[in-house]
Amino acid sequence: MARGYRRWLLGGPAAFSNDPARAAARFALSREMPLDVLVRQCRARSRPLGRDANAEVIEALWHFAEGRSIATYDAPTWHFDFLAGFAVRIAADLLAVEDGRASLVWLQTRRRGAPSIAQLGMLQRLFLLKAKDSDYEDVGLTILDLRETVEGRRIVRPYEIGDLVIPDESEAEAMLQTFADAHAQLIAEDFAKTRAEHRARRRREPPGQGTMFP
């Protein structure tokens with residue numbers, strides 16, 4: 001896990017983010033904007049390597065919502081603290097309401113290096129823990145998994161609460177410990193926590209320094 005984070009952090013120009021697709025997702029699911037406009041805006045906001053991938057996500061969500069009436073809203077961001085000084089960020093991409101039923105929606109947009117089904121179950125467990133005794137206690141959770149393709153096009157596979165096996169307490173603790181161990185290793189190596197922090201450090205380094213971040 002720590003090795004994977006290093007590759008992501010130091011990926012340079014070859015790396016890209018699905019943030020443009022996530023930002024446009026609510027408009028694709030609600031069909032508030034024409035598909036061609038959404039795709040054009042999404043591609044314009046993407047890095048060159050990510051333009052096709054982000055456009056694929058938007059097109060898949062648009063077709064997934066065909067014939068449906070879905071209203072979308074902003075969703076909360078929670079932090080699940082399980083170790084001092086370390087929190088797992090749990091951020092739904094949107095809140096969807098369909099046929100009078102509200103559900104937080106999280107997009108799994110990766111084709112490579114995607115979370116396993118067990119890890120998606122862990123995500124549902126964290127959501128349930130944070131939703132308890134909150135304003136979202138009676139709200140559902142839907143994970144839209146977009147890792148698969150059919151005839152070169154992304155497809156959306158939805159997972160509601162109950163569709164995935166949710167880890168028990170001991171399994172959840174083991175998964176969280178894996179995160180904690182990777183985090184501790186990176187902190188010991190003084191790695192930046194985000195790409196933005198990494199870039200800021202590079203700008204501050206005097207000439208000839210910064211061998212840890214080539």
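Coordinate-derived values only; no laboratory data. All of these numbers come straight from a predicted model, not from anything done at the bench. Backbone-built Cβ (ideal geometry, glycine too); neighbour counts: all protein chains shown.
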Going fewest to most other Cβ atoms within 10 Å around each Cβ, MET122, MET175, MET33 line up as MET33, MET175, MET122
Label model pair ARG45, ARG153: point-to-point distance (7 angstrom along the Cα→beta-carbon line) in nm is 2.4 nm
Going from the fewest other Cβ atoms within 10 Å to the most, one would list ILE58, ILE161, ILE70 as ILE161, ILE70, ILE58
Pseudo-spin-label distance GLN177 to ALA114, built 7 Å along Cα→Cβ, given in nm, is 2.9 nm
Listed with the fewest Cβ neighbours within 10 Å leading, HIS63, HIS183 appear as HIS63, HIS183
Hull surface over four for the Cα convex hull of segment 18-58, reported in nm², is 2.3 nm²
